[in-house]
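Some notes on the structure that comes next.
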Amino acid sequence: MTWKLRPAGDSVFHVQNHFTSKTFIVNKSHGDETNVIQTSFAREATERPIWRFTKLADGSYQISDAKSGAALTAIGGEGQPIRVVVAPWQDQDAQKWELEKTDPAKLTM
């Protein structure tokens, strides 16, 4: 997916989908995991979720909910659908994200 990172402080951002203009928020909790869903990007910055981006030693990023500190985590695979949740940081590959700078003018849907 292609996201715009809109600064909201030191290493924290409002994240907005380039194509749909939506953002993602923390939703219902299921044990140690909490679903992440897309929702409308609020007009008021104070109403938008804030995500902390922490660069790791291997060049990947930990992306965490600024309120709870829980990290974005991809779960599923091996024949199962992959979904994104927030879960406590455990330094797993499923919690490490690669960021690629993209020229929006070259994007197609």
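The values are calculated or read from the model by the stated rules, or taken from the named source; none is laboratory data. Computed from a predicted model, the values in this text were never measured in an experiment. Cβ coordinates were reconstructed from backbone atoms using ideal geometry, including for glycine residues, and neighbour counts include every protein chain displayed.
Just to verify a result, which residue in the range 81-109, among those that are modelled with pLDDT under 90 and polar (S, T, N, Q), is surrounded by the fewest Cβ atoms within 10 Å (Cβ to Cβ)?
Among those that are modelled with pLDDT under 90 and polar (S, T, N, Q), it is Thr108.
With respect to Glu44, is the statement that it is at pLDDT 90 or above and among the charged types (D, E, K, R) true? Please lay out each step first, then the result.
Working: at pLDDT 90 or above: yes; among the charged types (D, E, K, R): yes.
The answer is yes for Glu44.
Would you tally the residues in the range 1-27 being within 15 Å of Ile37 (Cα to Cα) and within 11 Å of the chain's Cα centre (by Cα)? Break it down stepwise before answering.
Residues of the range 1-27 within 15 Å of Ile37 (Cα to Cα): 1, 3, 14-17, 20-27.
Then drop every residue that is not within 11 Å of the chain's Cα centre (by Cα), which leaves 1, 3, 14-17, 23-26.
Residues flagged as within 15 Å of Ile37 (Cα to Cα) and within 11 Å of the chain's Cα centre (by Cα) within the range 1-27 amount to 10.
Among the numbered conditions (1) under 19 Å from Gln92 (Cβ atoms); (2) not in a strand (DSSP E or B), tell me where Ser64 comes up short.
The failed condition is (2).
Which members of the range 64-78 meet the condition of being surrounded by fewer than 17 Cβ atoms within 10 Å (Cβ to Cβ), at pLDDT 90 or above and not basic (Lys, Arg)? Quick ask: steps written out before the conclusion?
As a first pass, look at the range 64-78 and keep what is surrounded by fewer than 17 Cβ atoms within 10 Å (Cβ to Cβ): 66-69, 74-78.
If we keep only those that are at pLDDT 90 or above as well, we get 66-69, 74-75.
Ala66, Ser68, Gly69, Ala74, Ile75, listed by residue number.
If I filter the range 53-63 for residues that are crowded, with 17+ Cβ neighbours inside 10 Å, among the β-branched types (Val, Ile, Thr) and at pLDDT 95 or above, do I get at least one hit?
Yes, the range 53-63 contains at least one residue that is crowded, with 17+ Cβ neighbours inside 10 Å, among the β-branched types (Val, Ile, Thr) and at pLDDT 95 or above.
If I ask for residues that are within 19 Å of Lys4 (Cα to Cα), free of Cβ contacts under 8 Å to residues at least 24 places away in the same chain and not acidic (Asp, Glu), which ones from the range 50-109 would you list?
Lys55, Lys101, Ala105, Lys106, Thr108 - these are the residues of the range 50-109 that are within 19 Å of Lys4 (Cα to Cα), free of Cβ contacts under 8 Å to residues at least 24 places away in the same chain and not acidic (Asp, Glu).
Looking at Gln38, Gln90, can you tell me which residue is assigned to a strand (DSSP E or B) and not aliphatic (A, V, I, L, M)?
On the way: Gln90 fails: assigned to a strand (DSSP E or B).
Answer to the check: Gln38.
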